[in-house]
Amino acid sequence: MGNLLEVKNLFVSINTKEGELQAVRNVSFSLKKGEVLAILGESGSGKSILCKSLLQILPKNGFIKNGEIYLEGRELTRLPEKSMNKIRGKEISMIFQDPMTVLNPIIPVGQQIMEAVLTHEKMSKLEAKKRSIELLMTVGIDYPEKRFYQFPFQFSGGMRQRIAIAIAIACKPKVLIADEPTTALDVSIQRQILDLIRELQVKFGISIIFITHDLGVVANLAQRIVVMYAGKFVETGTTEEIFYDARHPYTWGLLSSLPDVDCDNEFLSYIPGMPPNLINPPEGDAFAPRNKYALRIDYYKEPPMFKITETHSAATWLLHKDAPKIESPIKFKECRVIR
Amino acid sequence: MVDKIIGISKKVIQLIFVTFLLSIIVFYMARLAPGDPLVSYFGEGVERMGTAQKLEAIEKLGLNRPIYEQYFSWLSNAFHGKFGISYKYKQDVLSVIKDVYINTIILGGLSFVLTFLFALLLGIFCAENEDKLIDKAICKIGTITTCVPAFWVSLLLILIFSINLGLLPSSGAYAIGQSKSIASRIKHLILPLTVLILNHLWYYAYMIRNKMVEEMRQDYVLLCKVKGLDKKRIIYKHCLRNIMPSYITIMALSVPHILGGTYVVEKVFSYPGLGTLCFESAKYHDYNMLMVLCLITGILVVIANMAAQAINERIDPRMKHDRGEKDWNNNTAPGTLK
Ligand SMILES: Nc1ncnc2c1ncn2[C@@H]1O[C@H](COP(=O)(O)OP(=O)(O)OP(=O)(O)O)[C@@H](O)[C@H]1O
Ligand SMILES: [Mg+2]
């Protein structure tokens, strides 16, 4: 089956006062129809910038430096703004981290949903309103006819995120990018929003790119996971492969934060140190200085992606045939993580 | 409804109180300032008056009594609608004002509306082109214009357009005997209006530009982009509405600013209006005139501020709720509303 979205050798940079910050460096991946792909990585690893570049809604000083993005075979990076506007919301849509600020505070939520509908579809105001009320219902807002007229400040954070989701799926996009949609919410609400996203994914068959730095969040949602570090992909694989057969020390670090993981290695309970400065990214493996298992080669030569299985690969010299064999320190107490 | 009436009566009481306070301050300040009020009444004649004559005149005008007594008699007269006569014009103050106030309203009103309209358009234009060459150029030029004093621009314009080119009149509100002629009025308005607008435009345009630039970095703009809205629509439909409340507040708060500018420009262009009157009355210690002009100006400023608040409440739904209407979240059943 063909890929819905295909990203090839994408480089994204941000011009800052100190120089060009290489936020995304040589990233390639693909997304199939109906697939949920999770992007993992700690703060500052370039997850949001990567996703914003897909929609070309980068900050003013950001730009796609190189690479191609194909949506159903159509190249996006060279499209004029006007054609891009036809894709945003209609083909690819996005929800964000902070539901408190993402809605326009002085426009009734109903109108904000209607606007999304009317931007891409020719229909009367009345039909659009009906559709918006249906959408509110779909995302689990009670009394949608009344709520339609209310302003964002009259909703709680979880409900605002639901409304943002309603806006994002208003035109049944093929791809939904969810940029840490639950991070700002408290735990019980997180669960609900995740359930909602899963439900919509099944109902509409939307492909989802789900960003998070919490592995536990995506365990049940994603079919495939990529792990990002300092603007690069360091490991990609199916959810099972990442959970039970992770190869990259950075992935081990992320896994060790899960409650179900017995970590026999103290170093991994958190990842020490700071991510590198991306204005002058280091030679060699960017993770090496923080990596207890780093080899000498890591400091001067960048590891390629080593293929482990057809779907699983990781960028670490530990996978080289001459490297010392290191046992993964990650042991699951019990298999509760993946249902 | 009851809320509304209480709200309005509160404002009226506030207005009365402020007016009262203002009247006391102006009354005292005017009388404590050095100078001789008789000059405005008798003109040059004062110099030829003897001491006895002067005392007599002062007594006749009631200026020999303690200030607080003078004030109370002024106040009781004012309650009866009598604001006294202008020493200079030897006429009832109100009738002097009645003849010219419309000129100030025309000049001040037009400059107010046009300044804020142009500032809005210019500010948005700059924000749209943020950091592009055109924006940078406008910012530079704008900064320069705010440094140039109004009277200097006035003189320059008079020199060019009135004296050298002879295209436009340099003074007055209309050609003699043509107070009804719109064409004549417009001709007389062009120069003072230009000065006023140039003088204030960039100050407000820059404010709008920066507010808009900041607004365009808000999270909700990102969601608007994701929806597929184009930039123009995001700016006009979303961002503009969000900055409007603060702009309107600024507009209202700037009434004294613009009014002050109008007064100065009136003076430079000898435009017969409240500003020119104000200058004269202050210069000649025309107490009664000064009093009424200050009160009018003060009341205008207070009303403008109140209007700003009222308009803001209509635009921004949150403000109304801050005043005590109950905020409610998902835990309250919406069915109980209304
Ligand atoms: N507007 C900007 N100006 C300058 N640098 C930026 C800007 N936005 C992001 N960056 C930089 O780009 C890099 C990647 O940022 P990004 O927001 O993609 O991280 P992230 O992985 O989404 O992190 P988080 O988990 O905190 O959201 C970071 O180093 C960040 O400092
Ligand atoms: Mg992010």
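The values are calculated or read from the model by the stated rules, or taken from the named source; none is laboratory data. Since we're looking at a predicted model, the values are computed, not measured. A quick note on method: Cβ atoms are made from the backbone with ideal geometry, for glycine too, and the neighbour counts reach across all protein chains shown. Side chains included, ligands, DNA and RNA excluded: accessible areas come from the protein's heavy atoms. Shrake-Rupley method; radii C 1.70, N 1.55, O 1.52, S 1.80 Å.
Summary table
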item	result
Sole residue being at pLDDT below 95 and in the same structural domain as residue A:175 (by TED's automatic domain parsing), chosen from A:106, A:113, A:69	A:106
Selection status of residue B:156, of a type outside the set (S, T, N, Q), more than 14 Å from chain A (Cβ to nearest Cβ) and open to solvent by 20 Å² or more (accessible area, probe 1.4 Å)	yes
For residue B:270: the one exception among (1) open to solvent by 30 Å² or more (accessible area, probe 1.4 Å); (2) under 30 Å from residue A:89 (Cβ atoms); (3) more than 13 Å from chain A (Cβ to nearest Cβ)	(2)
Condition met for residue B:216 (more than 24 Å from the chain's Cα centre (by Cα) and in contact (Cβ under 8 Å) with a residue 60 or more places away in the chain)	yes
Selected residue (criterion: surrounded by the most Cβ atoms within 10 Å (Cβ to Cβ)) from residues of the stretch A:80-89 that are at the interface with another protein chain (Cβ under 7 Å from one of its Cβ atoms) and under 14 Å from residue B:234 (Cβ atoms)	A:89
Output for the stretch A:213-233, where each listed residue is at negative phi, within 13 Å of ligand 1 (Cβ to nearest atom) and either basic (Lys, Arg) or open to solvent by less than 10 Å² (accessible area, probe 1.4 Å) (or both)	A:226, A:227, A:228, A:229, A:232
Positions within the stretch A:135-151 being assigned to a helix (DSSP H, G or I) and surrounded by 14 or more Cβ atoms within 10 Å (Cβ to Cβ), in sequence order	A:135, A:136, A:137, A:138, A:144, A:146, A:147
Of all residues in the stretch A:37-64 being more than 13 Å from every other protein chain (Cβ to nearest Cβ) and touching a helix residue (DSSP H, G or I) at 6+ places or on another chain (Cβ under 7 Å), the one that is farthest from ligand 2 (Cβ to nearest atom)	A:64
Yes/no for residue A:34 being away from ligand 1 (no atom under 15 Å from the Cβ), in the same structural domain as residue A:198 (by TED's automatic domain parsing) and over 18 Å from the mean Cα position of the chain (by Cα)	no
In the stretch B:219-242, the residues that are more than 7 Å from chain A (Cβ to nearest Cβ) and open to solvent by 60 Å² or more (accessible area, probe 1.4 Å)	B:231, B:232, B:233, B:236, B:237
Subset of the stretch A:4-31 that is away from every other protein chain (no Cβ under 14 Å), polar (S, T, N, Q) and open to solvent by 20 Å² or more (accessible area, probe 1.4 Å) - its residue that is farthest from ligand 1 (Cβ to nearest atom)	A:30
Test result for residue A:34, under 19 Å from residue A:313 (Cα atoms) and either modelled with pLDDT under 95 or touching a Phe, Trp or Tyr at 6+ places or on another chain (Cβ under 8 Å) (or both)	no
Matching residues in the stretch A:113-146 - criterion: being touching a helix residue (DSSP H, G or I) at 6+ places or on another chain (Cβ under 8 Å) and among the hydroxyl-bearing types (Ser, Thr, Tyr)	A:119, A:132, A:138, A:143
Among (1) crowded, with 22+ Cβ neighbours inside 10 Å; (2) farther than 20 Å from residue B:219 by Cα; (3) in contact with a strand residue (DSSP E or B) (Cβ under 9 Å, 6 or more places away or on another chain), the one test that residue A:65 misses	(1)
Selection count, the stretch A:90-131, where residues are within 8 Å of chain B (Cβ to nearest Cβ), surrounded by fewer than 19 Cβ atoms within 10 Å (Cβ to Cβ), within 25 Å of the chain's Cα centre (by Cα) and touching a residue at least 40 places away in the same chain (Cβ under 8 Å)	1
Near pairs, Cβ below 7 angstrom, 6+ apart or cross-chain, from the stretch A:22-48 (under 24 Å from residue A:183 (Cα atoms)) to any residue that is within 15 Å of ligand 2 (Cβ to nearest atom) and open to solvent by 40 Å² or more (accessible area, probe 1.4 Å)	A:40/A:213; A:41/A:213; A:42/A:213; A:42/A:275; A:43/A:213; A:44/A:275; A:45/A:275
Search result, residues across the stretch A:159-176 that are over 16 Å from residue B:220 (Cα atoms) and either of a type in the set (D, E, K, R) or within 11 Å of chain B (Cβ to nearest Cβ) (or both)	A:170, A:171, A:172, A:173, A:174, A:176
Meets criteria (at pLDDT below 80, part of a helix (DSSP H, G or I) and open to solvent by less than 40 Å² (accessible area, probe 1.4 Å)) for residue B:39	no
Residues that are within 16 Å of ligand 1 (Cβ to nearest atom) and within 14 Å of chain B (Cβ to nearest Cβ), drawn from the stretch A:184-212	A:184, A:185, A:209
Count - residues of the stretch B:106-135 that are open to solvent by less than 10 Å² (accessible area, probe 1.4 Å), of a type outside the set (Gly, Ala, Ser) and away from every other protein chain (no Cβ under 14 Å)	5
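Table: residues versus (1) within 16 Å of ligand 1 (Cβ to nearest atom); (2) closer than 30 Å to residue B:313 by Cβ; (3) among the aromatic types (Phe, Trp, Tyr).
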residue	(1), (2), (3)
A:52	yes, no, no
A:55	yes, no, no
A:74	no, no, no
A:81	no, no, no
A:86	no, no, no
A:99	yes, yes, no
A:118	no, yes, no
A:134	no, no, no
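Yes/no per residue for (1) modelled with pLDDT under 85; (2) more than 15 Å from residue B:84 (Cβ to Cβ); (3) basic (Lys, Arg):
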position	(1), (2), (3)
B:262	no, yes, no
B:269	no, yes, no
B:285	yes, no, no
B:305	yes, yes, no
